[in-house]
Amino acid sequence: MGIVYFIGAGPGDEGLITLRGIEKLKICDVVIYDRLANKEFLKLLKPGCKKIYAGKQAGTHYMKQEEINKILTEYALKDNIVARLKGGDSFVFGRGTEEIEALGQYNIPYKVIPGITSAIAVPECAGIPVTHRGISRSFHVITGHTDTSTGSPACNYKALAAAGGTLIFLMGLSNIKEITDNLIKEGMAAGTPAAVISGGTTEIQKVLRSSLGNIAKEVKEKNMFPPAVIVIGETAAYNYTCNKYAEEGRSADRKVCKNKAGIVATKALMEKLKTRLEMESAEYVPVCRMEVFNVVTHELKEELANIEKYKWVVFTSRNGVQVFFETIKNMNMDIRRLAKVKFAVIGSGTKEVLAGFGIYADFIPSVYTSAVLAKELSGIIHSGEMVLLPRAARGSSELTDIFGQRNISFKEIKIYDVKGYLLPGADRLEELNCIIFLSASGVKEFARLLKDNGKALPDGIKFICIGDVTKRAAREEYGKEESIITAQVNNVDGIIHALRESV
């Protein structure tokens, strides 16, 4: 007999799941997940793990609860480690108890791994505390779903109106008018602060603040969408997100960034940039994620098998470093064979990733560009020394052209490529005042995806580019020289400086 882990996936942001939840997802044989669990979690699963979608949505249930119970028991009885992945927490309107009772009929073991409930996290990430000393000493979480026997939410509105504190309705957007009308009918003031948060904690989060008497009307006018959390009470008017205290402490000569920045980058670079943008009080909106995938690696394996003939390995990106060392690991190659090889990197980010493998770069150019890397490195490579250049399939020819002109013996291997896909943040393009590009391939992929999906960028939007190669790609795709700002230093610090200058 197997075991079932009930894992709370948190409120939406993939970073808000617990470490224990991730640990169990990585070892499960079967995962049964709902629509509110971030799909990024599926990338954590081991090869061969069976994925079963059991999402539910008001009026369009994909799978009935009885079917879910049956699937859970069937796979657990077949000696599988089963993960039941639910948005928020399994015990907060997640019907986790019903599924546990179904397992109990067969004495199937289970463990519950708590999740961060959206009832608290979503308002909190929108700047709304559910309690506040002297203002709200309690909070009440209520389902806004309809009771199928009556067609209305099963709420004691009289008790709720008199309860005080903060009222939090989950899954109630379609019934918001009934909820607000009944609360007013039972004595709650129409002027009571109210808020609706759609897509909470994610890149498509949208917050509407109003009053109890007006919010139902404004929800329609502002096109608020599910999943949404409704907050009613005095704290719904609060907004602890503007970071005004940090701004007051800034020096007078430092600009405060007010940008809403769309990001086009790989996941790793997005995370790195996100932290810095948060420090700048800029709003971070991922619009296009670049995925790295290996191209045919047999050529790299052949060169690694004869690595002793190379004096230098040159990396022009973080991705190249990752693929290079992943291949070494997959070949079971002894890392000590690299003892006599020197390593050159294009910039500080690539240097950092290389150091993560225990190797410190022998050369980094004075300016982080392909051209400067090629020119300066050419000056220290001795005659007859061979250079291995593992890099992107669509890498710039600047470096190889200069190597060729200076008679440097090199072997170029295309070891990875990148492909982009739009994120939900791409539906917010009209709100953005700049797009940050961290590669020329990102520029081209984003332009292609916009065209393929019939999307357009707003007039006056600026492009923040890392390096001249990325700038040239932006100019080719968008033709707006005056709107392109290039980072003076080709790293995240350079991007942040360019962003400040764009304010």
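Details
- Stretched out straight at 0.36 nm per residue, the stretch from Arg472 to Ile27 would grow longer than its current Cα-Cα span by 155.7 nm.
- The simple spin-label model puts a point 7 Å past each Cα toward its Cβ; for Thr275 and Glu501 those points are separated by 2.5 nm.
- 5 angstrom amide H check on Ile413, placed H, neighbours 5+ away: Leu389, Arg391
- Taking every alpha-carbon pair under 8 Å whose residues sit at least 6 apart, the chain reaches a relative contact order of 11 percent.
- Computed from the C-beta positions of Lys217 and Thr18, the FRET efficiency with R₀ = 30 Å rounds to 0.20.
- Using 0.36 nm per residue and subtracting the Cα-Cα separation, the extra length available between Lys267 and Glu308 on full extension is 11.4 nm.
- Efficiency of FRET from Cβ geometry, Thr97 and Leu77, R₀ 25 Å, rounded to 0.05: 0.80
- Taking His298, His140 and ordering them by how much accessible surface each has at a 1.4 Å probe, largest first, produces His298, His140.
- Carbon + sulfur, % of accessible area of the chain - ligands and nucleic acids excluded, 1.4 Å: 50 percent
- Accessible-area order (highest first, 1.4 angstrom probe) of the listed residues Glu398, Glu430, Glu278: Glu430, Glu278, Glu398
- Computed over the chain, the per-residue total of -39500 (n - 2.57) for DSSP H runs of n ≥ 4 gives a 222 nm mean residue ellipticity of -9000 deg cm²/dmol, rounded to 500.
- Inter-part distance where the range 174-203 and the range 47-111 are each reduced to a Cα centre, Å: 31 Å
- Mean separation of Cα contacts under 8 Å (6+ apart) over length of the range 156-212, as relative contact order %: 31 percent
- Acute angle (nearest 10 degrees) that the helix 492-501 long axis makes with the longest principal axis of the chain, alpha-carbon atoms: 70 degrees
- Label point distance in nm, Glu234-Phe357, each placed 7 Å from Cα along Cα→Cβ: 5.9 nm
- Backbone HN-Hα couplings from phi across the range 360-367 [Karplus 6.51/-1.76/1.60, Hz, Gly and Pro as x]: 9, 4, 7, 8, 9, x, 5, 10
- Under 5 Å, built H, 5+ apart or other chain: amide partners of Thr486: Cys465
- Taking amide H atoms as placed 1.01 Å from N in the peptide plane, the amide H of Thr192 lies under 5 Å from those of Leu212, Gly213, each 5 or more residues away in sequence or on another chain.
- Rounded accessible area per residue of the range 330-402, 1.4 Å, Å²: 50 Å²
- Alpha-carbon centroid distance for the pair the range 265-331 / the range 1-30, whole angstrom: 27 Å
- Karplus (6.51, -1.76, 1.60) ³J(HN,Hα), θ = phi - 60°, over the range 197-203, in Hz, Gly and Pro reported as x: 10, 9, x, x, 6, 9, 5
- Full extension of the chain between His132 and Lys158 gives 7.0 nm of extra length, using 0.36 nm per residue less the Cα-Cα distance.
- In the context of the full set of protein chains, residues of the range 155-223 present 44 Å² of accessible surface per residue (probe radius 1.4 Å, heavy atoms only).
- Solvent-accessible surface of the range 1-122, taken per residue with a 1.4 Å probe and all protein chains present: 49 Å².
The values are calculated or read from the model by the stated rules, or taken from the named source; none is laboratory data. Everything numeric in this text was worked out from a predicted model, so none of it was measured. Cβ coordinates were reconstructed from backbone atoms using ideal geometry, including for glycine residues, and neighbour counts include every protein chain displayed. For accessibility, only protein heavy atoms count, side chains too; no ligands or nucleic acids. Shrake-Rupley method; radii C 1.70, N 1.55, O 1.52, S 1.80 Å.
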